[in-house]
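Heads up, the thing below is written out as structure tokens.
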Amino acid sequence: MTSIPIGNDAVVALHFVLTNAEGEQIDDTHDGDPVLYLHGAGHFVPGVERALEGHHAGDTLTVTVSPADGFGEREGDGPRAVPRSAFPADVELDPGMEFVAEGEDGQEVTVWIIDVQNDKVVIDMNHPLAGQTLTFAVEVLSVRPATATELAHGHAHGPNEHQH
Ligand code: ZN
């Protein structure tokens with residue numbers, strides 16, 4: 001198989017190690033399956049996608065992204081506590097989980113769980129990594145053209161096509 005460069009409509013598989021500005025490791029995808037994404041569809045970290053343009057399978061690169069090119073600037077009033085009863089009773093709540101809720105004006109908003117206490121849940125409207133300068137050490141595993149189905153769906157499909 002010929003190697004194609006990373007560009008729009010390529011499906012990229014990669015591993016990365018993520019560290020924050022203090023050099024603390026936040027994530028290492030080697031613990032699990034590679035990240036698979038459709039390039040140019042806005043699903044991966046914008047600054048990293050840009051840096052990956054033109055790279056090939058086998059390449060490694062280290063990219064530092066500002067909040068604007070990462071998970072965004074922090075906005076709003078910060079974390080706040082809401083009653084546990086605001087969430088479905090049958091769902092186990094853990095820090096880091098993401099929920100889509102209906103905002104006061106009826107539009108959908110995403111909230112992240114920061115902490116779970118007895119009858120209260122601390123939530124934040126900001127992504128947990130918002131406002132942070134982040135460094136990704138990326139290892140490109142494979143690059144292939146997206147299939148027609150993937151392009152129609154607007155996202156990459158894993159080894160089994162049923163994972164979404
Ligand atoms: Zn799909």
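Every number here is computed from the coordinates shown, using simple stated rules; none is lab data. Computed from a predicted structure; not experimentally measured. Here the Cβ positions follow ideal geometry from the backbone for every residue, glycine too, while neighbour counts run over all protein chains shown.
Listing for the model above:
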{"item": "Residue check for Val100: of a type in the set (Val, Ile, Thr), outside any loop (DSSP other than H, G, I, E, B) and more than 27 Å from Asn8 (Cα to Cα)", "result": "yes"}
{"item": "Within segment 148-164, tally of residues that are without any contact (Cβ under 8 Å) to a residue 60 or more places away in the chain and surrounded by fewer than 15 Cβ atoms within 10 Å (Cβ to Cβ)", "result": "9"}
{"item": "Hits in segment 106-130 - residues which are of a type outside the set (A, V, I, L, M), outside any strand (DSSP E or B) and surrounded by 15 or more Cβ atoms within 10 Å (Cβ to Cβ)", "result": "Asn126, His127, Pro128"}
{"item": "Residue that is farthest from Val45 (Cα to Cα) [pool: residues in segment 86-125 that are free of Cβ contacts under 8 Å to residues at least 24 places away in the same chain and among the small types (Gly, Ala, Ser)]", "result": "Ala89"}
{"item": "Positions within segment 5-34 being loosely packed, with under 15 Cβ neighbours inside 10 Å, under 22 Å from Ala146 (Cα atoms) and out of contact with any helix residue (DSSP H, G or I) (no Cβ under 8 Å at 6 or more places or on another chain), in sequence order", "result": "Pro5, Asn8, Asp33"}
{"item": "Qualifying positions in segment 115-164 - within 16 Å of the ligand (Cβ to nearest atom) and under 15 Å from the mean Cα position of the chain (by Cα)", "result": "His155, Ala156"}
